[in-house]
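Worksheet for the structure shown next.
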Amino acid sequence: MYISIKNRLIFLLIAFTLLPFVLLRIVAYPRIQSDLQDVLIRNLDGIGHKQTELVTNWTHERMKNVRVVANNPLMSKCAKIKKEDKDYSDIVQYLEVLKNEYGFKGVLVSNDKGIVTIATADEGVATDISEADYFKQAIQGNTFVSSIIPSEIPLVNELGEKEIGVPTMFVSTPLKDRDGVIIGVVSLRIDVNALNELMLSLKLGKTGETYLVNKDGVMITESRFVTHLKEMGLVKRRCALELKLINREKGELTKGVQQCVAGNNGFDAKGYKDYSGITVLGVWRWLPEFNWGVIAEIDRDEGYGAAYNLNYIVSSVLLVIAFPIVIVAYFVGRKTSIPIIKLKEVTEKMASGDLSQRVDIKREDEIGALANAFNAMAKSLDEKTKEVINSEKRYRELFNSIKEGVYQSEPGVEGVFTFINKAGAEILGYSTPEEVVGTKVKNIYVDSEDRRRLCEKLEKDGVWREFVSLCKRKNGDSFYAERTSNMLRDEKGTPVVIYGVFRDISERKKAEMEIVESEKKYRLLFNSLKEGVYQCEPEVDGVFTWINQAGAEILGYKSPEEAIGTKLKDIYVNPDDRAKLVEKLSKEGAWKNFVSFCKRKNGERFYMERTSSMVADDKGKPVRIEGIFRDITERKKLEEELQESERHHRQLLNSLKEGIYQCEPTEDGVFTWINQAGSEILGYSSPEEVIGTRVKDVYVNPDDRKELVDKLEKEGVWRDFTSYCKRKNGERFISERTCNLVRDEGGKPIRIEGVFRDITER
């Protein structure tokens, strides 16, 4: 079939003009849309990961705070302290200083029974917290973060008013004595507003937000849209602990919350209904350590707005220009093909991505009109492309709102920064990110080998978490940086970029160094003790891993270094004593005042008294035994001499003709001891028959016992008190006695003791 050149030209013109736009709509747009969606989800996931990291670090800092407080030697007094103790007010003042300095809501210390012994002003002394989860966990030896709960005491709310039921939480840890025995619990009431501010500090567009949920699907931090939610009637005062995150149509937890509380990490790029009925895109992460979930959400319309707009523009342009192009092609075909060729060339350049191209055709006809329409379309596409770029800019601004440094760099030791957020630039001592971009990453390290080690690690593993190195700022000041870095590779596996997050941890390193110094001081303190302090392996044949100077000398060594490595089993005269100790510690965790016969390095034997504890890791596996011991050979000798003396005195008392006794200091009190003569006077064959019987039953007139007790309460002694008494068989006799009331150091009666005789014949 014959086709004219004009028709061919018209056909070719239409094909070459419309085809790039059709391809743009069919091929390029889905790719652009998919890339935009991927970028959005990656950014949303990065925000969720960042918030998770911030929440975890914030909570761990609170756990460190409570351990630091509990490790203060002053706190060991608090488990048994009383209000009348002279240093009570000083310790309360110290707790108030801790509360104000660190921003706690309250500080309280309880004994091992869960009774609060001392606390800051707003907390109740003598309160029973034994049923609280933060007490139960801490008394078992754990540092514990409680769930966020309504306060049981008035606390200042978000309006500056005192209110019961304000969201609060506790961080607790065991309080130990110097032997490592748990004697109580230190609990910090934490300001939950700080956690709210942490979650609200990140602005995610106009409709996005991040928040925390508990295992019941209830929001435990504030929503940035709390005012709107109040207007909807979903909450009354606040979102935290009031708003259950459910799909209002289905009456069940929203998809994001369902997945999160089930312990899953993930995202939904298609969209689901949130708690207010709006379709959102979501990312979720579960924190099993605290039973919290982090959720980041943004309205789907906002998130995919750029892609929706691009689709509308491209489709509209195709519809608008299709018909004019056919008409223009007809006239162009009649006149000349040169303008068509020009238009084709420009169109091909635009299809390759250069949207700055324009058609330079000056004609007062349809071809000129087509050129103008084409230029208008190109301008529109260019503007919309810039909108996409601006969208990327907004996400860059989002990164600039994060307090940690976020960066990208070229791979390799000499790689330069290609992107950094504002916080990262400021950490490095620069005014703007633009100052940093283009500088060598290697130059920020004090030791340039750290950059090489990082690159080698990333080449091998792809990621290095919490890598710490000494770095320097622009002005030369050094600081400690902690970073998590990842290496991104192309489809061929070639490294293309290194990206990551870093923060200034100089203050934390300083605190760690202070802890090391503190540990050094405590070791010096241990070496100043007269008792032996040690650590060893938890097996029967375990060896000493550490011992103080006094402990080494007790065992006959000149220095701890000589004793370290020695088998514990070898110091016992009877090796089974070691096996018995390990078995006891494995079952009960501790053994106080265990006495065994031991031997020194030179073979000399001695009696040892020890208190030992088994230390286990987080999984309950024994890792070491630690304790304190002393040489009690002299004490054992004195105890034996004392026992012999006591036996001698008892024989002497039993040889007397008068009755000698001890009893409880009450009106109905029972005999707790009596000599042989006393039991015979009362008609019994032995003292054992009398012990445990009521003293009141000896008297013919029970009021005589009451009179005696009242007299002793007032005067402490009654000499030659005479009364009618009766023997075991009921026989009556006249008894003359002299009695004393014995009290303890606090003045409390503890026993009555005295001498009595039968004066019936007299």
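We did not get these values from a lab; they are worked out from the coordinates using the rules stated. Since the structure is predicted, the reported quantities are computational estimates derived from the model, not experimental observations. We place every Cβ from the backbone using ideal geometry, glycine too, and count neighbours over all the protein chains shown.
Table for the structure above
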| item | result |
| --- | --- |
| Long-range amide H partners of T254 with built H, under 5 Å | I246, N247 |
| All aspartates and glutamates inside 16 Å of K748 as judged from Cα atoms, apart from same-chain residues fewer than 8 positions distant | E664, E667, D710, E713, E715 |
| Value of relative contact order over region 656-758, rounded to a whole percent, pairs C-alpha under 8 Å and six or more apart | 28 |
| Whole-Hz couplings from phi, Karplus 6.51/-1.76/1.60, listed for region 267-284; x for Gly and Pro | 8, 10, 8, 8, x, 8, 6, 8, 5, 9, x, 9, 6, 10, 9, x, 10, 9 |
| Across K136/K244; K270/K457; K510/K587, pairs whose alpha-carbon gap is larger than 31 Å | K270/K457; K510/K587 |
| Peptide ranges 241-247, 487-493 listed from the most packed, as the mean C-beta count within 10 angstrom indicates | 241-247, 487-493 |
| Segment E249-K83, extension gain: residue separation times 0.36 nm, minus the distance between their alpha carbons | 54.0 nm |
| Whole-Hz couplings from phi, Karplus 6.51/-1.76/1.60, listed for region 90-98; x for Gly and Pro | 5, 5, 4, 4, 5, 5, 5, 4, 4 |
| Neighbourhood net charge (13 Å Cβ-Cβ; Lys/Arg +1, Asp/Glu -1) for N574 | +2 |
| Label zone at K657, where the point sits 7 Å out along the Cα-to-Cβ direction: region 676-716 residues whose backbone N lies under 16 Å | 676-682 |
| Label point distance in nm, K270-I164, each placed 7 Å from Cα along Cα→Cβ | 4.9 |
| Extended-chain gain in nm, criterion 0.36 nm per residue less alpha-carbon gap, T666 and E639 | 6.5 nm |
| Whole-Hz ³J(HN,Hα) from phi, Karplus 6.51 cos²θ - 1.76 cosθ + 1.60, for region 546-559, glycine and proline x | 6, 7, 7, 5, 4, x, 4, 5, 4, 7, x, 9, 6, 8 |
| Per-pair calculated FRET efficiency, R0 = 45 Å: D38 and K236 via Cβ, rounded to 0.05 | 0.65 |
| Gained length - D177 relative to S586, 0.36 nm times residue gap less alpha-carbon distance | 145.2 nm |
| Residues whose placed amide H lies under 5 Å from that of I183, excluding near-sequence neighbours | L175, K176, D177 |
| Inter-part distance where region 67-112 and region 579-620 are each reduced to a Cα centre, Å | 32 |
| Spatially proximal aspartates and glutamates relative to K203 (Cα-Cα < 13 Å; intrachain offsets below 8 disregarded) | E297, E397 |
| Under-5 Å amide H pairs with R694, H placed in peptide plane, nonlocal only | none |
| Global form of region 203-303, assessed from the alpha-carbon gyration tensor, a/c cut-off 1.5 | rounded |
| Ordering of 273-279, 744-750, 551-557 by packing [mean C-beta count within 10 Å, highest first] | 551-557, 273-279, 744-750 |
| Listed peptides 693-699, 215-221 by packing density, highest first (mean Cβ within 10 Å) | 215-221, 693-699 |
| When each of K176/K636; K558/K619; K215/K422; K64/K215 is checked by Cα-Cα distance, pairs over 32 Å | K558/K619; K215/K422 |
| K215 paired with D617, simple spin-label distance in nm, labels 7 Å along Cα-to-beta-carbon | 2.5 |
